[in-house]
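Report on the structure given below.
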Amino acid sequence: MIVLQLCCILILNIFKLFIREPVQFDPTFNGPLRNRSCTDIICCVLFMAFIIGYIVVGILAWVYGDPRQVLYPRNSTGMFCGIGLNMDKPSVFYFDLLKCATATNIMAAALNGLQCPTTQVCVQQCPSRFWLLSPRAYAPGAKPKDHFEQQYCVPSINLTSTTLSVQDIINRELCPVFYTPTTSALGRCLPSVGSLDNIPSNFTLPGMSSANDTANAIKNATSDVVNGFNAKDIGVRIFEDFASSWYWILIGLLIAMLLSLLFLLLLRFTAPVLVWVLIVGVLAADAYGIWHCYWEYNNYKNSNTTINTIGFTTNFSAYLQVKETWLAFMIILCVVEAILLLILLFLRKRILIAIALIQEASKAVGHMMSTLVYPLVTFALLLICVAYWGITALYLATSGPPIYNVVALNASAPGCGSIRGNQTCDPLSFNSSLYSPCSSAQCIFIKYNNEGLFQRNMFNLQIYNVLGLLWCVNFVIALGQCSLAGAFASYYWAFSKPADIPAFPLCQAFFRTLQYHVGSLAFGALILTLVQFIRVVLEYIDHKFREVQNPCARFIMCCLKCCFWCLEKFIKFLNRNAYIMIAIYGKNFCVSAKNAFKLLMRNIVRVVVLDKVTDILLFFGKLLVVGGVGVLALFFFSGRIQLPGNTFQAGVLNYYWVPIITVAVGAYLIAHGFFSVYSMCVDTLFLCFLEDLERNDGSAQKPYYMSKNLMKILGKKNQVKK
């Protein structure tokens, strides 16, 4: 009982905290304050120090890293294919791909710079036919130049002048015993899976019973990632499609931009109609559902089948033949319909306020069209952050020199049992004769050196790199939100619009934010970054230990992920409104967040209504833009719409879905950029509107700054000065 009383007292005190202390009237306030000081200086210094450290990490990664280890394949001597001495040999050819199946995945090896235990050589072109060493090559006196191709043998052997026999060449893996039609994927010659279906009947490798067994073994040794497609050919074909349709893609994106802009401008006049059409549509759909449930219930009213007779079954269609099911559905829909009608009845005025604010946002955007261009600035800054992170991660991953060990490619061969694979070697000066009689001894890449101080801290530096990405991205987004909020706030607090709107409000807000509030933005971005990093860690742990988790552990992990997802959403909401307050009043992050949260909690019903109405309208706008442009692109690039100069008939494009997907994705990004500005405008005007109600009373000394439409809805008006 005592605990319950304490909880009630705590809840009441929290509620009082939210509803008290309305904003007081300030006769000197007429918009975003210009006389302000720097805020959250400690966090600003911390952020600058972090950025300097981030730059140092990038420099060290650039000094020690070598991205060629990932971007280019290596041959067995450790030399890169496609650069340097092998400039004209861009692909690496594997002598016996079957050995790779027991060692590692080829594509994983390609991405990590690993090699599988077979000889590899750089070649100009990958083999394009089936070839198997003839049995005549094993005859005494057979000349190697008559049975091997020089381009597929190691460079150290000259088939014309060599004194080695064919058997010696095979034992030392100086030339391949067989090869199949291959294609280059990420610079690796991998079997063309389609050609293996037409393998010659006499193409049977040693140890295989038939040609089909050989084909299946080669298929299994080839990575699943590249099975069924030719990465290079697809890339070339996609490039050809872009080359022939890029100007039409740009036209499609331009149409998406015009549609987005037109929709935002038309919201000034069509917002009431759209909102009420959507509301009436939901009520009508629910009413139809009630009628349909009653009709189904009436059909099964005389049926003897009940829920009890069916029991529990996985055949859910059986439940739809029972009258109790339709009765339950009808009751639920009736309750939902009643709730919607009550909400509409009691929140009618708040819905009208939301519509008026949306119309006012359209006017604000119309007076400050430069705000619609600002997403390009945010996009450019985000692109820089992501590019820096990716390049740094790549250089960090390749910051250690490669280590090679002596490995017996055929461990079961005579004399190879003593080779343990722990002796280092240099592939450029390796002499296999020192390990005689093991003729298959080779110098193979094992890993990158991690013994140095820099290399030992590689994992920590990668974590630093991820934190740098998250913090910088969140800071860039915060900078955009605060700058836009400052511009839109200057519009609201201009008493005579547009005469009192300051010149270049967006530029003023942007430079004012950079001059005074970098620390506050970095503080809010840091809080969000820590939560996002915890979510990344949870996802990593869940991915690593998913196989060994019991149901209880999976439940706890799911709860943690859900809780931190909710926490991230809440912090984003809090930060967004805190940045609005920072843009207006110039106070530090904590004070601004507290004031914004208390102001919203004092008007929680209006917040919910405005948020949902805005979300519905913007979702409808995105659906209209993306759907309309996507359908138009589908009909155009498939040749169904004929225009002068339209040559996109069936078969002209390799993949006609490439420009369609490009236009649809681009249209979504454009619409999201326009609508994010509009959403920020609505949120800013809403906070200003709430403060306007608390600051002013409509008298000559304290007039309202809101539009006449809002004052009419609220039943308020400004007194005329005498």
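The values are calculated or read from the model by the stated rules, or taken from the named source; none is laboratory data. Since the structure is predicted, the reported quantities are computational estimates derived from the model, not experimental observations. A quick note on method: Cβ atoms are made from the backbone with ideal geometry, for glycine too, and the neighbour counts reach across all protein chains shown. Only protein heavy atoms, including side chains, enter the accessible area calculation; ligands, DNA and RNA are left aside. Shrake-Rupley method; radii C 1.70, N 1.55, O 1.52, S 1.80 Å.
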Among the residues of segment 656-675, write down those that are touching a Ser or Thr at 6+ places or on another chain (Cβ under 8 Å), under 30 Å from M368 (Cα atoms) and aromatic (F, W, Y). F674, F675
All conditions in (1) open to solvent by less than 20 Å² (accessible area, probe 1.4 Å); (2) without any contact (Cβ under 8 Å) to a residue 24 or more places away in the chain are true of G519 except (2)
What are the pairs with Cβ atoms under 7 angstrom where one residue, in segment 578-602, is on the phi > 0 side of the Ramachandran plot and the other, located anywhere, is of a type outside the set (S, T, N, Q)? Sequence gap at least six, or different chains. G586/L33; G586/R36; G586/Y516
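Yes or no, residue by residue, for (1) open to solvent by less than 40 Å² (accessible area, probe 1.4 Å); (2) modelled with pLDDT under 90; (3) β-branched (V, I, T); (4) not in a loop (DSSP other than H, G, I, E, B):
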residue	(1), (2), (3), (4)
N30	no, yes, no, no
L33	no, yes, no, no
S37	no, yes, no, no
V45	no, no, yes, yes
A49	no, no, no, yes
W62	no, yes, no, yes
V70	yes, yes, yes, yes
S76	yes, yes, no, no
G82	yes, yes, no, no
Candidate set: segment 631-667, residues that are surrounded by fewer than 15 Cβ atoms within 10 Å (Cβ to Cβ) and closer than 16 Å to M257 by Cα; chosen: the one modelled with the lowest pLDDT: V631
Specify the residue that is modelled with the lowest pLDDT; the eligible residues are those in segment 443-465 that are part of a strand (DSSP E or B) and open to solvent by less than 30 Å² (accessible area, probe 1.4 Å). F445
Can we say G228 is part of a helix (DSSP H, G or I), within 20 Å of C126 (Cα to Cα), of a type in the set (G, A, S) and at pLDDT below 70? no
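When you look at D96, is it open to solvent by 20 Å² or more (accessible area, probe 1.4 Å), modelled with pLDDT of 75 or more, closer than 30 Å to Q515 by Cβ and touching a Ser or Thr at 6+ places or on another chain (Cβ under 7 Å), yes or no?
Details: open to solvent by 20 Å² or more (accessible area, probe 1.4 Å): yes; modelled with pLDDT of 75 or more: yes; closer than 30 Å to Q515 by Cβ: no; touching a Ser or Thr at 6+ places or on another chain (Cβ under 7 Å): yes.
It is false that D96 is open to solvent by 20 Å² or more (accessible area, probe 1.4 Å), modelled with pLDDT of 75 or more, closer than 30 Å to Q515 by Cβ and touching a Ser or Thr at 6+ places or on another chain (Cβ under 7 Å).
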For the list (1) touching a strand residue (DSSP E or B) at 6+ places or on another chain (Cβ under 7 Å); (2) at pLDDT below 85, I need the number of the one condition that G194 fails. (1)
Looking at K716, K702, K712, K721, which is the one that is modelled with pLDDT under 80 and assigned to a helix (DSSP H, G or I)? K712
Determine which single condition P502 fails, assuming it passes every other condition in (1) surrounded by fewer than 17 Cβ atoms within 10 Å (Cβ to Cβ); (2) within 29 Å of C562 (Cβ to Cβ); (3) not hydroxyl-bearing (S, T, Y). (2)
Just checking, does segment 588-596 include any residue being assigned to a loop (DSSP other than H, G, I, E, B) and closer than 19 Å to I41 by Cα? yes
What are the residues in segment 340-387 that are in contact (Cβ under 8 Å) with a residue 40 or more places away in the chain, part of a helix (DSSP H, G or I) and within 26 Å of A285 (Cβ to Cβ), if any? L340, L341, L344, K349, R350, I351, L352, I353, A354, I355, I358
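Give me the residue from segment 113-134 that is of a type in the set (G, A, S) and without any contact (Cβ under 8 Å) to a residue 60 or more places away in the chain and, out of that set, least open to solvent (accessible area, probe 1.4 Å).
Initial filter on segment 113-134 (of a type in the set (G, A, S)): 113, 128, 134.
Narrowing further to those that are without any contact (Cβ under 8 Å) to a residue 60 or more places away in the chain: 128, 134.
Working: S128: 101, S134: 29 Å².
The qualifying residue least open to solvent (accessible area, probe 1.4 Å) is S134.
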Tell me which residues, restricted to segment 544-558, are open to solvent by 50 Å² or more (accessible area, probe 1.4 Å) and assigned to a helix (DSSP H, G or I). K544, P551, C552, R554, F555, I556, C558
Go through segment 135-191 and count every residue that is in contact (Cβ under 8 Å) with a residue 12 or more places away in the chain and in a helix (DSSP H, G or I). 12
Just checking, which of L274, L333 is at pLDDT 80 or above and not acidic (D, E)? L333
Among the numbered criteria (1) modelled with pLDDT of 60 or more; (2) open to solvent by less than 80 Å² (accessible area, probe 1.4 Å); (3) aromatic (F, W, Y), which single criterion is violated by F18? (1)
Kindly provide the set of residues from segment 672-699 that are more than 30 Å from L262 (Cα to Cα), part of a helix (DSSP H, G or I) and not charged (D, E, K, R), ordered by number. L693
